Amino acid sequence: DYIRLTTSTRSQAETLCAFLQETYGTTNQMVVGVNAILEDLVFRPESFRAFEQAMKSVGEHLGFAAHRPEVEFGKGPDVLWAVGDQRFLIIECKNEAYTPLISKKYVEQLSGRAHWFNDIYGPGCSSVPIMVYPTEIVSKDVTPDPRMRIMTQAKLTLFREAVRSLANGVAAMNSFKNVADVAKLLEHLNLTGGKIDERFTVPFKI
């Protein structure tokens, strides 16, 4: 059965610091680990499984609860992040795509994932459907969910660099316990749950 993600009662920075303490022995190990994850977060043929896992891992490295519903439970989106305040990002990863237009099939697939989320999580939760795709141009034969946003190739590059800067910034502190400083860093890099989708995705175009 599907197990719902729950948001932590702790702040994003507190959750992130706790995760890093549990996962890494040193800040240098953390930098190496994050760089390895980011190596898989690219547009490349025959890489979608690694990309999906990297997207889940990045979510955890940002202090979010994250999982891969389709792989772990056989239903749902590629990746789901709980980013705080009962708000979620529904992420479909099309990093192997190469055509200039987002097809009707892909758009309807993401809309279906959004319906799945509404059925499972109910009206008390909000979500943003996001597709990782090289461009934001949608085929004219479909009407997308008006909330749909696209993480384009350019935005993915910006996102990767922001995550890398976060890791380097935490490493410069030489500690995983500086919660207040980590919170400031997340805010500065626009990696907070309230800003991340606006900063690193764009609205679709037809």
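The values are calculated or read from the model by the stated rules, or taken from the named source; none is laboratory data. If you're wondering where the values come from, they're calculated on a predicted model, not measured in any experiment. FYI the Cβ positions are ideal-geometry reconstructions off the backbone, even for glycines, and counts take in every protein chain you see. Accessible surface is based on the protein model in full, side chains and every heavy atom, while ligands, DNA and RNA are left aside. Shrake-Rupley method; radii C 1.70, N 1.55, O 1.52, S 1.80 Å.
Mind checking which of T27, V202, P69 is farthest towards the positive end of the chain's charge dipole, using Cβ charges of +1 (Lys, Arg) and -1 (Asp, Glu) about the Cα centre? Checking the options against the dipole of the chain, the answer is V202. The order of W81, W116 by accessible area, most exposed first and with a 1.4 Å probe, is W116, W81. With K and R counted +1 and D and E -1, the other residues having a Cβ less than 10 Å from that of A66 yield a net charge of +1. Atom-type composition of the exposed protein surface of segment 46-89 places 43 percent of the accessible area on carbon and sulfur (1.4 angstrom probe). Database remark: amide H of I102 closer than 5 angstrom to the amide H of I137, V138, S139 (H placed geometrically; neighbours at sequence offset of 5 or more, or on other chains; Pro and chain starts carry no H).
Were the residues from I137 through A36 laid out at 0.36 nm apart, the gain over their Cα-Cα distance would be 33.3 nm.
Full extension of the chain between V71 and Y2 yields a length gain of 23.7 nm, computed as 0.36 nm times the residue separation minus the alpha carbon distance.
The accessible-area ordering, largest first, of the residues D141, D119 stands as D119, D141, per a 1.4 angstrom probe. For S127, the residues whose amide H sits under 5 Å from its own are F88, ignoring neighbours fewer than 5 places away on the same chain, with H placed 1.01 Å from N. Consider the candidate values [x] 29; [y] 55; [z] 24; state which one is percent of Cα pairs over 28 Å apart computed from the structure displayed. So the calculated entry is the one marked [z].
Cross-link reach is defined here as a Cα-Cα straight distance under 19 Å, omitting same-chain residues fewer than 8 places apart; for K56 the lysines meeting it are K75, K94, K155, K195.
The charge dipole of segment 52-189, taken about its Cα centre with unit charges on the Cβ atoms of Lys, Arg (+1), Asp and Glu (-1) only, comes to about 160 debye. These residues, E72, E92, go from largest to smallest accessible area, 1.4 Å probe, as E72, E92.
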